[in-house]
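Some notes on the structure that comes next.
The values are calculated or read from the model by the stated rules, or taken from the named source; none is laboratory data. For clarity, every value in this text was computed on a predicted model and none was experimentally measured. All Cβ positions, even for glycine, are placed from backbone atoms using ideal geometry, and neighbour counts span all protein chains on display. For the accessible areas, the whole protein counts, side chains as well, though only heavy atoms, and no ligand, DNA or RNA atoms are used. Shrake-Rupley method; radii C 1.70, N 1.55, O 1.52, S 1.80 Å.
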Amino acid sequence: MRVGFFQFYPRFGDWEHNLSLVLKGLEQTSADLIVLPELAFSGYYFQSREEASRLAQDPTRSPIVEALIQLCRQRDFYLVTGFAEKAGERVFNSALLLGPEGWMHTYRKIHLFNEEKEWFDPGDRPLSVQTVRGVRIGMMVCFDWVFPEVARILALQGAQVLCHPSNLVLAYCQQAMLTRCLENGVFAVTANRYGEDRRPQGTLNFTGQSQIVGPKGELIFRAPPEGDCLQVVQIDPDRALDKQITARNHLLTDRRPDFYRPLCGSDRN
Ligand code: ACM
């Protein structure tokens, strides 16, 4: 399977410009699966929920989604993209899985970061795994990396490749994802944006360094902090089926869920 990402610099509030960057960036690309950054078409640093809602689109009536599906048909690949999703009165920070056959799945970010709690509704659907060309993929969005439960649940559901649209502003995620991959025996494609959103309330800088990581926690490729970067690599997704660490240790069946009960409580201590 050929998986990759397109790191670019979305312009805040200008979906037509951002769509044209993606269509141009991917017009010659051969791949099976490409991951794009979080909120790839709207930009990130909203001033208010009203602004996020105005810049969000309903994927069932979205010119962005239509154009991306067309691109998937032309290039015969699948896309996972961050997307500001309008659903009636609600607004979600979502990731869409699109392919030649059309829309396939929407994941709504469950762990909202900082001011995102003012702009978005928290994700309301269970984590799940989809199949792309016979390979099981799991979707998570940016700050979900902080919660190891997300990658673990996706791995328990059989995910072989984690698709991780991001708009990272903290410095830790890229290194942490090596561990997420090692502890779950999965691949991960983190597609981050670079550049800044300069808005009336301040400026946010994004860290680039999109990356592809293998199931032993090995860094397969990392982009620079700045600059457009399209990277596709060949992976063997079957490597993510082998959860053996030693002859006597297995990443999933060695777990001791009886001792993990506090994880399932909703209290904070
Ligand atoms: C983030 O979740 N966009 C930091």
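Restricting attention to the range 61-98, report how many residues are closer than 16 Å to I34 by Cα and either in a loop (DSSP other than H, G, I, E, B) or modelled with pLDDT under 95 (or both). Of the residues in that region, 2 qualify.
Which is closer than 16 Å to F92 by Cβ and among the aromatic types (F, W, Y), of F8, F46?
F46
Restricting to the range 192-224, name every residue that is under 18 Å from G25 (Cβ atoms) and either assigned to a helix (DSSP H, G or I) or not hydroxyl-bearing (S, T, Y) (or both). Correct list: N192, R193, G195, F206, G208, Q209, Q211, I212, F221, A223, P224.
More than 16 Å from the ligand (Cβ to nearest atom) and open to solvent by 60 Å² or more (accessible area, probe 1.4 Å) - does that describe any residue in the range 33-46? Before you say what the answer is, go through the steps one by one.
Residues of the range 33-46 that are more than 16 Å from the ligand (Cβ to nearest atom), as a first pass: 33-34.
From what's left, open to solvent by 60 Å² or more (accessible area, probe 1.4 Å): none.
No, that holds for no residue.
Within the range 99-136, being under 25 Å from V169 (Cα atoms) and outside any loop (DSSP other than H, G, I, E, B) holds for T106, Y107, R108, E116, K117, E118, W119. Taking every residue in the range 196-208 that is among the aliphatic types (A, V, I, L, M) and pairing it with any residue that is at pLDDT 95 or above, at least 6 positions away or on another chain, the pairs with Cβ-Cβ distances below 7 Å are L204/Y44; L204/Y45; L204/V169; L204/E196; L204/D197.
Does the range 143-164 contain any residue that is within 16 Å of the ligand (Cβ to nearest atom), out of contact with any helix residue (DSSP H, G or I) (no Cβ under 9 Å at 6 or more places or on another chain), closer than 25 Å to S48 by Cβ and modelled with pLDDT of 95 or more? Checking the range 143-164: not a single residue is within 16 Å of the ligand (Cβ to nearest atom), out of contact with any helix residue (DSSP H, G or I) (no Cβ under 9 Å at 6 or more places or on another chain), closer than 25 Å to S48 by Cβ and modelled with pLDDT of 95 or more. Among the residues examined, E51 qualifies as more than 28 Å from L219 (Cβ to Cβ) and open to solvent by less than 60 Å² (accessible area, probe 1.4 Å).
Taking the range 81-120 on its own, how many of its residues are of a type in the set (V, I, T), more than 13 Å from the ligand (Cβ to nearest atom) and farther than 14 Å from E66 by Cα? Step through it out loud before you land on a result.
Applying the first criterion (of a type in the set (V, I, T)) to the range 81-120 yields 81, 91, 106, 110.
Then keep just the ones that are more than 13 Å from the ligand (Cβ to nearest atom); that gives 81, 91, 106.
From what is left, the residues that are farther than 14 Å from E66 by Cα are 91, 106.
Final tally of qualifying residues: 2.
So is R133 open to solvent by 20 Å² or more (accessible area, probe 1.4 Å), within 27 Å of Q47 (Cβ to Cβ), more than 16 Å from the ligand (Cβ to nearest atom) and not aliphatic (A, V, I, L, M) or not? Quick ask: steps written out before the conclusion?
Values: open to solvent by 20 Å² or more (accessible area, probe 1.4 Å): yes; within 27 Å of Q47 (Cβ to Cβ): no; more than 16 Å from the ligand (Cβ to nearest atom): yes; not aliphatic (A, V, I, L, M): yes.
No; evaluated as a whole, the condition is false for this residue.
If the condition is being touching a Leu at 6+ places or on another chain (Cβ under 7 Å) and either crowded, with 20+ Cβ neighbours inside 10 Å or of a type in the set (V, I, T) (or both), then the range 73-89 contributes F77, Y78, L79, V80, T81, G82, F83, A84.
Once the range 2-32 is narrowed to residues that are in contact (Cβ under 8 Å) with a residue 40 or more places away in the chain and polar (S, T, N, Q), the residue that is surrounded by the fewest Cβ atoms within 10 Å (Cβ to Cβ) is S30.
So that you can scan it fast, the table gives a plain yes or no per residue for (1) of a type in the set (S, T, N, Q); (2) open to solvent by 60 Å² or more (accessible area, probe 1.4 Å); (3) within 18 Å of C264 (Cβ to Cβ):
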position: F113; (1), (2), (3): no, no, no
position: G123; (1), (2), (3): no, no, no
position: V141; (1), (2), (3): no, no, no
position: V150; (1), (2), (3): no, no, yes
position: I153; (1), (2), (3): no, yes, yes
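Would you mind stating whether A171 is at pLDDT below 95 and either within 16 Å of the ligand (Cβ to nearest atom) or open to solvent by 30 Å² or more (accessible area, probe 1.4 Å) (or both)? Against the criterion (at pLDDT below 95 and either within 16 Å of the ligand (Cβ to nearest atom) or open to solvent by 30 Å² or more (accessible area, probe 1.4 Å) (or both)), A171 qualifies.
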